[in-house]
1. Within the range B:249-269, can you find the residues that are surrounded by 24 or more Cβ atoms within 10 Å (Cβ to Cβ) and not in a loop (DSSP other than H, G, I, E, B)?
2. Just checking, how many residues over the range B:545-585 are more than 7 Å from every other protein chain (Cβ to nearest Cβ) and assigned to a strand (DSSP E or B)?
3. Please enumerate the residues belonging to the range B:346-374 that are β-branched (Val, Ile, Thr) and either under 14 Å from B:Ala400 (Cβ atoms) or surrounded by fewer than 23 Cβ atoms within 10 Å (Cβ to Cβ) (or both).
4. Filter the range A:28-38 down to the residues that are free of Cβ contacts under 8 Å to residues at least 12 places away in the same chain and facing another protein chain (nearest Cβ under 10 Å), then identify the one that is surrounded by the fewest Cβ atoms within 10 Å (Cβ to Cβ).
5. Can you confirm whether B:Ser534 is without any contact (Cβ under 8 Å) to a residue 60 or more places away in the chain and over 30 Å from A:Tyr189 (Cα atoms)?
6. Got at least one residue in the range A:184-191 being at the interface with chain B (Cβ under 8 Å from one of its Cβ atoms) and either touching a Pro at 6+ places or on another chain (Cβ under 6 Å) or within 16 Å of ligand 2 (Cβ to nearest atom) (or both)?
7. When the range A:83-103 is examined, which residues are found to be over 16 Å from A:Asn23 (Cβ atoms) and without any contact (Cβ under 8 Å) to a residue 24 or more places away in the chain?
8. Would you be able to tell me the number of residues in the range B:406-424 that are away from ligand 3 (no atom under 16 Å from the Cβ) and either under 14 Å from the mean Cα position of the chain (by Cα) or not in a helix (DSSP H, G or I) (or both)?
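The values are calculated or read from the model by the stated rules, or taken from the named source; none is laboratory data. The structure displayed is predicted, hence computed values, not measured ones. Every residue, glycine among them, receives a Cβ derived from its backbone with ideal geometry; neighbour counts consider all protein chains shown.
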Amino acid sequence: MIGSLQTYQSIFSSAADEVRQFNTLLVIFLVVCAIMYTLVIAFLIAGILRRRRADAHVVENGMHHRQNPLMRTGLIAWGSLVGVGLIALAIASFVADRSLASTSAHERLSITVTANQWWWDIQYNSADVSKTLHTANELHLPVGVPVRITLHSNDVIHSFWVPSLAGKQDLIPGRENDITLVPRKVGIYRGQCAEFCGTQHAHMALVVNVEPYADFIRWWQHQLQPAVAPQTPLALAGYIVVTTGQCAMCHSIAGTPASATVGPDLTHLASRRSLAAGTLPMGKGQLYGWVADPQSVKPGSKMPTIPLEPNQLHAVVAYLETLK
Amino acid sequence: MKPAEHDKEERRLAEERKRIVRDGPKLKGAKLEARLERTWRRPPGFLGWLATVDHKEIGRRYIVTALIFLALGGALALLMRLQLARPDNALIGASRFNELFTMHGSTMMFLFAVPVMEGVAVYIIPLMLGTRSTGFPRLNAFSYYMYLFGGLMLWGAFALNIAPDIGWFAYTPLSGPQFSPGKRADIWAQMITFTEVSALAAAVVLVATILKTRAPGMTLSRMPLFAWAMLVVAAMIIFAMPSVALASSMLISDRLVGTQFYNQFEHGDALLWQHLFWFFGHPEVYIIFLPATGFVSVIVETFCRRPVFAYPVVVLALISTGILAFGLWVHHMFATGLPRVGYSFYTAASMTVAVPTALQIFCWLATMWDGRPRFEVPMLYVVGFIVTFVIGGLSGVIIASVPLDLELHDTYFIVAHFHYVLIGGAVFPLLGILTYWFPKITGRMMNETLGKIGFWTIFLGFQLAFFPMHFAGLLGMPRRVYTYPAGLGLELPNLLSTIGAFVVAASVLLFVVNGLWSLYRGAIAPPNPWDAASLEWATTSPPPVYNFEHIPVVQSRTPLWDEKGELPVVTGLRVDEKETLLTTVVAATPDLREPVPQASLWPFIAAVATGILFIASIFSPWAILFGAIPAAIALTAWFWPKDMKRQPEPVIT
Amino acid sequence: MIRQVRFTDDVADLPTHKFGPSSLTWWGIIGYMVVEGGFFALAFAAYFFLMGHEQGWPPEGRVPPNPLAGTLFTIVILLSEIPNTMIKKAANAHDTERVRALMPIIVAIGAVLLIIRGFEFNSLNVLWFDNAYGSIIWALLLLHTIHILTDWGDTIVLWALMMTPLGFEGRRLVDTDENALYWRYVWLLWIPIYLMIYWVPRL
Ligand code: HEA
Ligand code: HEA
Ligand code: CUA
Ligand SMILES: [Cu+2]
């Protein structure tokens, strides 16, 4: 069961240095705990099996205040064993922690993730401002490159967590946290907000695409492009609805008048793998469903259901599909 | 008053003092019982029922109320489990689900687990210590009513569809004015106020009772381990509750009068909440767990036929757990971005608390080894406790490690951990001890066969429900999600958990059915059915209102085992008025005779007045001002003597 | 009782009241003092926690509170310990008449303190909703005021009780003793609060 599902959203993964560390440490802990548990259960069973003894120190033979010297030795031995076990675990944990901390020293890519109820705003930072990239809900990482992700929140506390890559960190309004990781395996991973953040906490997922460096650079270049101009009349009609209607009050699409930042950036919406922060897979049907009535797809979402005429809906979806 | 009048008054009092009736060789047996019964019984009728200050009645109400909340909280858990049985299930919507786990967690922690332990203690501790009453019996009654009203308010709000939906630890800013408009979060915060007033009152009652009312000769080193556990727990409540009280008052005032404690835009800090909450919240889990270790000690001692091995070690373990518990709160906040240099320190600190627990476990097992255990139902629950709790404790050690917790935090692995320790560590011993003390409380035995079936089903059902949750967590399932997508491998563990949850529920139901059936049909209990050693079994079952005809004297840790023939007792307490004996704190030598308050409606009225104040303050801050007046009047009337004539010896009317 | 009993000691001659840790109510009072002490200690911790984030304290370049009323309050509350000690001694000496004579003084001092407290609220130079700094110092002052107010109310009730014939009962004198103990606690608590409200912001 575990093998088959490995990497997608599970800690049984070796897709990054961090999760490998985690797994090694977990195994150490499990071994120590298993030994200790076995000892406890063995003692329990032994106690149960011995119960019919005639010479037990019990009330019935008036010896109940007698202390068994063997048990006194046993207590000391047990106490020391527990002490040693815990010290060993604490040291293992310390070592893992140090080696995790050492990656943070030489990061080569800097990303800022800002959490919102209930989606992720993502910015790829670059010294060259024209290369700074704005997107949402889908993270692309080049394999083998240490990355630092700076974490902010615009509203309540969320938690950034991609189980197959690394542990989690909270995004706290008014504070800045960060997480560093080195992805090691190309693949698609799913992350999910881990701190309860209100109604749609369950639908605040994130797709992480770990890809070869060249692919990553190509992706970045592509994402920096503004949205393509609508080619068909239907798409054009959609373009008009989106950029002059209510959509533009929240979203931005680079290269168009829509430039609000309340909701996720839509410039390359159709190039992403999922819709509404992992609520739906990306696709025409899902776009229809979402645009027509977000409140029934993701009740409580901050995106209101906007009444659209059927032809407007067709147009909007047609336009959104062009945002590759 | 003129001196002459004063002297006359003193002479009258001296005269009356001679006519006081006391127990002793001249007044004993049936005559004494009748006399005590007349003095101690409460007024009849419904008002008398409300006015009672008998710790046994209050304790029983506490236990029954808490068990009802267990059923209610458990019913909500079943709804959650139904929703989670399948991926993308549409049975329960997002906001309703959020209410469910908030209500479930808050009910279980604040309205079930802590109060049930207090209730058992309030019932049994005075009997165990060989006294007639708790200290401050009216405060005890007040404590119960505050608890009841807090619970009614929360569940009333649920019925009116304004239940809180912010989780049982209500993190700011989600619970603050901006992100939780409406009254839901206020309801939660005021429920906290009710239960904390109640728990603090109960804690003060227990400390005073345990320190001052023990039977003569019951030195601290002869005190039953359950009393030790409750002493430590009461002290922990006293130190921990103020923290959540402060946190929730600040939350309410942020919401109600616009203070900025948690508002980062106005120099506040959202993390302040987490520090204050967990400074309480972590000790809280040991407040639930330590009484259960007391139960285990009681059961192990009786059923292994010998005192618990290494009594001083167990006592020290209790005390050190109590102290260490205040240093661990940060382990709930590992993911908040604490200074990295501290990580290893927090890890080590969290792990040290495993040492006293491990020592206690050894002591119980050594007692079994040295004794001759009898496996009746309470003892089965102890075995179930060890097998289950240790798994939870070990998963606790795993998540105490920062690098591990950063992955596991806020996942179902944590949900598995805390149900293992809460249910395995506290509910199993509780069910065991309820079976054990059932004859004491009701005079009848619980049915053994049903009890055994119940044990095995709950034990196995529990593992089925909660063991798979470890895997759900490792497979990436965060907690507090109302649904999860198909294809992540979460289908099987969740389905198993749901099936298991229903088995657990059925076994709890069976326990209740067994209790109700046995209440009317159970075998009549002999006075000391398990042949136990402690003083609660020295009186009849159920005990008379005055508990003991004479105050017993204690010469060892296991008095009923060591006094083979007659029981030594002291005499000379008043029996024409309610009176009990106080002893010194350490050596338990007789110190004072203490009048015991008569039944009174005022604690109830004061609780009603305070309750109105708390609830009204959700709607307007002025309620605090106007509500304080009736509350102050009620409290004054509570303490004001109802009879202004001087008595030969003090009485509390 | 389920067994025959054997009489050992007789406790009929034990007293029905004692001062100090022998008294049950003493433990009750100590219990509540610890509760409130914990509450204050955590409020202090919150104060320093909030202060720890700030460049300036008070933040935003606000003016610290004006210490005049607060200092006056401090002097009066410290002086109140004189009559308080006298009452405590009188109670321990079972001198009801003297307790009766002294109680009005301490009640009057309480009233004076409450009036000065009103001026203190007026001299904070910040409102509770302005920022978290304002919130926490208002909270500290308000919490302490609640203690003054409840203890003042208690003292009035006790005074009334002492004026009745029951004032001669030993247990009422124990109450008086414990009330005086509690008053000590109230002014002891005030000292750190005074420093935190008026002087820490001036450091
Ligand atoms: C009865 C209640 C109870 C008890 C007793 C415990 C006991 C322990 N708990 Fe648990 N805990 C909770 C109730 C409890 N907990 C709850 C309710 C939460 C979640 C709150 C929430 O978020 O909603 C929680 C959460 C929680 C966390 C935070 C997790 C997170 O949110 O990320 C942590 C982290 O350190 C932790 C650790 C521990 C430890 C180290 C112990 C230790 O005390 C355990 C000690 C016992 C043993 C270890 C077993 C016996 C010992 C041996 C057999 C010796 C051998 C051992 C070794 C050498 C390893 N607990
Ligand atoms: C002592 C405390 C305690 C107890 C006993 C339980 C008991 C149970 N708990 Fe829970 N639980 C918590 C404390 C507790 N819990 C806490 C603190 C949380 C965290 C909340 C939060 O995140 O805020 C939590 C969260 C929690 C979750 C996670 C929710 C989420 O994160 O989304 C789940 C999910 O399965 C769960 C399940 C269960 C189940 C199946 C039981 C079962 O054992 C229940 C068994 C059932 C019964 C006891 C009911 C018996 C009733 C009947 C037979 C019918 C009676 C009928 C009527 C009254 C009409 N609990
Ligand atoms: Cu965002 Cu949970
Ligand atoms: Cu904890």
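1. Of everything in the range B:249-269, those that are surrounded by 24 or more Cβ atoms within 10 Å (Cβ to Cβ) and not in a loop (DSSP other than H, G, I, E, B) turn out to be B:Met250, B:Leu251, B:Asp254.
2. 6
3. Of the residues in the range B:346-374, the ones β-branched (Val, Ile, Thr) are B:347, B:352-353, B:355, B:357, B:361, B:367.
Matches in the range B:346-374: B:Thr347, B:Thr352, B:Val353, B:Val355, B:Thr357.
4. Filtering first and then ranking leaves A:Ala34.
5. no
6. Of the residues in the range A:184-191, the ones at the interface with chain B (Cβ under 8 Å from one of its Cβ atoms) are A:190.
From the residues that got through so far, the ones that are either touching a Pro at 6+ places or on another chain (Cβ under 6 Å) or within 16 Å of ligand 2 (Cβ to nearest atom) (or both) too are none.
Checked against the condition, which is being at the interface with chain B (Cβ under 8 Å from one of its Cβ atoms) and either touching a Pro at 6+ places or on another chain (Cβ under 6 Å) or within 16 Å of ligand 2 (Cβ to nearest atom) (or both), the range A:184-191 yields no hits at all.
7. A:Gly83, A:Val84, A:Leu86, A:Ile87, A:Ala90, A:Ile91, A:Phe94, A:Arg98, A:Ala101, A:Ser102
8. 1
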